[in-house]
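Structure first, commentary second.
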Amino acid sequence: MHPASEDPATRTALAAHQVGALRWLGGGVIAVVLGVLLGVAAVAVADGGGARPPGAGVGVLALVVGGSAAVVVGAGALLRTRRWRQGLSATSWRTGTLRVAGPAILSFEPYGGEDEVHLQLLSTAVWRTRAVQALDGATVRAAPVGEGRWVLTTEDATTVYGARSVPRGR
């Protein structure tokens, strides 16, 4: 068995996913820091007898809340990349046909007589959902990476997509 994680294209796709996660995480941290600095500057101006800067409170709130959300997204994506990397080191890719039944409802039909797997795309990003929808009827590679979790990719493995298995009646 050749582990999926040893494939150079898979390593590149996972590294790209990790870089995207780090961008979210770093951007969120920067936004929170800027929000705190804006708050400190607004308080210093107000304490110094100057007029309160207009919109400073809203700006601080937007930076801190938005930055905090980005930190959560980035941390989650980093954990997901780590789990995928671990899962792919213990399994090999399975090649099959991907069928799309809805925006995030998928069916993976492996070649070689294995049972069809019903999946739901984990991503809520519109571009990822559309990219997977464009693969309807295409040959893809998939691998289970944990209990009920799967990773999908195209033959060239430019990016990886997460999915979870769903019961057949759903």
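Bear in mind these aren't lab numbers, they're just calculated from the coordinates by the rules spelled out. Note that the coordinates shown come from a computational prediction; the quantities given were computed from them, not determined experimentally. Using ideal geometry, Cβ is built from the backbone for each residue, glycine included, and neighbour counts are taken over all protein chains shown.
Just in segment 109-170: which GluC sites (Glu not before Pro) are loop by DSSP and have at most 10 other Cβ atoms within 10 Å?
Numbers: sites: GLU114, GLU116, GLU147, GLU155; in loops: GLU114, GLU116, GLU147, GLU155.
For GluC sites (Glu not before Pro) across segment 109-170 that sit outside H, G, I, E and B with at most 10 neighbouring Cβ atoms in 10 Å, the list reads GLU147.
Which three semi-axes in whole Å describe the equivalent ellipsoid of the chain, each the square root of 5 times a Cα gyration tensor eigenvalue, listed largest first? Please report the intermediate quantities before stating the final value.
On the way: eigenvalues 374, 56, 27 Å².
Equivalent ellipsoid semi-axes, largest first: 43, 17, 12 Å.
Report, to the nearest 10°, how far helix 8-47 tilts away from the longest principal axis of the Cα atoms in the chain, using its own Cα long axis and a range of 0 to 90°.
The two axes meet at around 10 degrees.
Could you give me the ³J(HN,Hα) list for segment 154-161, computed from phi with Karplus coefficients 6.51, -1.76, 1.60 and θ = phi - 60°, whole Hz, x at Gly and Pro?
Coupling constants for segment 154-161: 7, 4, 8, 6, 6, 8, 10, 10 Hz.
Could you work out the relative contact order of the chain, using alpha carbon pairs under 8 angstrom and six or more residues apart, expressed as a whole percent? Write down the numbers at each step before the final one.
Numbers: 288 pairs, mean separation 41.3, N = 170.
RCO, the chain: 24 percent.
Determine the gain in length on full extension of the stretch ASP156-ARG52; use 0.36 nm per residue of separation and subtract their C-alpha separation, reporting nm with one decimal. Don't skip to the end; give the middle numbers.
Details: separation 104, 0.36 × 104 = 37.44 nm, distance 5.57 nm.
Extra length from ASP156 to ARG52 when fully extended: 31.9 nm.
Relative to a virtual label point 7 Å from the Cα of GLU6 in the Cα→beta-carbon direction, which members of segment 79-97 show backbone nitrogen distances below 16 Å?
Only 86-94 fall inside the zone, counting backbone N under 16 Å.
Highest GNM mean-square fluctuation, the chain, Cα pairs closer than 10 Å: which of ARG52, ARG149, ARG23?
ARG52
How long are the three semi-axes of the equivalent ellipsoid for segment 4-88, computed from the Cα gyration tensor as the root of 5 times each eigenvalue, in whole Å, largest first?
Details: eigenvalues 329, 16, 11 Å².
For segment 4-88, the ellipsoid semi-axes come out as 41, 9, 7 Å.
Full extension from VAL72 to SER165: what is 0.36 nm times the residue separation minus their Cα-Cα distance, to one decimal in nm? Please report the intermediate quantities before stating the final value.
Values: separation 93, 0.36 × 93 = 33.48 nm, distance 2.42 nm.
Stretched out fully, the VAL72 to SER165 stretch lengthens by 31.1 nm.
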